[in-house]
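First the structure, in the form of structure tokens, and then the observations on it.
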Amino acid sequence: MADPRVAGEKPDSPHGRLCFPRRFDSPTAIEATLSRLISTGWIEESAGLLRLTLEGEQQHADLAPLVDDVRGRVARALPQEDYVTLIRLLERLAAAL
């Protein structure tokens, strides 16, 4: 499924045609991260797409509760109105970068 946030393609990627959304990291840093994820067996390339492997899916499942915990702690640290404002501001900031 195509990502609607995709900004462009990088056809010279060693992983085939990768589309890069707006990013904080350089293409070189992204390529290094992808190479690490492939070498650890968390992702694989199939039909020109990168997908989580079974190991990657397990790692994702293991990390999801940790992410939820951090989100919950942030939400509890702020009044609900401030939390909503924070999330909206972070979304705007991410979209602008």
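The values are calculated or read from the model by the stated rules, or taken from the named source; none is laboratory data. Because the structure is predicted, anything quoted here is derived from the model rather than measured. We place every Cβ from the backbone using ideal geometry, glycine too, and count neighbours over all the protein chains shown.
Given Ser46, Ser26, Ser13, which one is among the polar types (S, T, N, Q), surrounded by 12 or more Cβ atoms within 10 Å (Cβ to Cβ) and at pLDDT below 95?
Exactly one residue qualifies, and that residue is Ser13.
I'd like to know if segment 50-69 contains one or more residues that are over 17 Å from Leu37 (Cβ atoms) and touching a helix residue (DSSP H, G or I) at 6+ places or on another chain (Cβ under 9 Å).
No; the residues of segment 50-69 include none that is over 17 Å from Leu37 (Cβ atoms) and touching a helix residue (DSSP H, G or I) at 6+ places or on another chain (Cβ under 9 Å).
Return yes or no: is Thr85 without any contact (Cβ under 8 Å) to a residue 24 or more places away in the chain and within 18 Å of the chain's Cα centre (by Cα)?
Numbers: without any contact (Cβ under 8 Å) to a residue 24 or more places away in the chain: yes; within 18 Å of the chain's Cα centre (by Cα): no.
Answer is no for this residue.
Which residues, counting only those in segment 49-62, are at pLDDT 95 or above and surrounded by fewer than 12 Cβ atoms within 10 Å (Cβ to Cβ)?
Scanning segment 49-62 gives Leu54, Ala61, Asp62.
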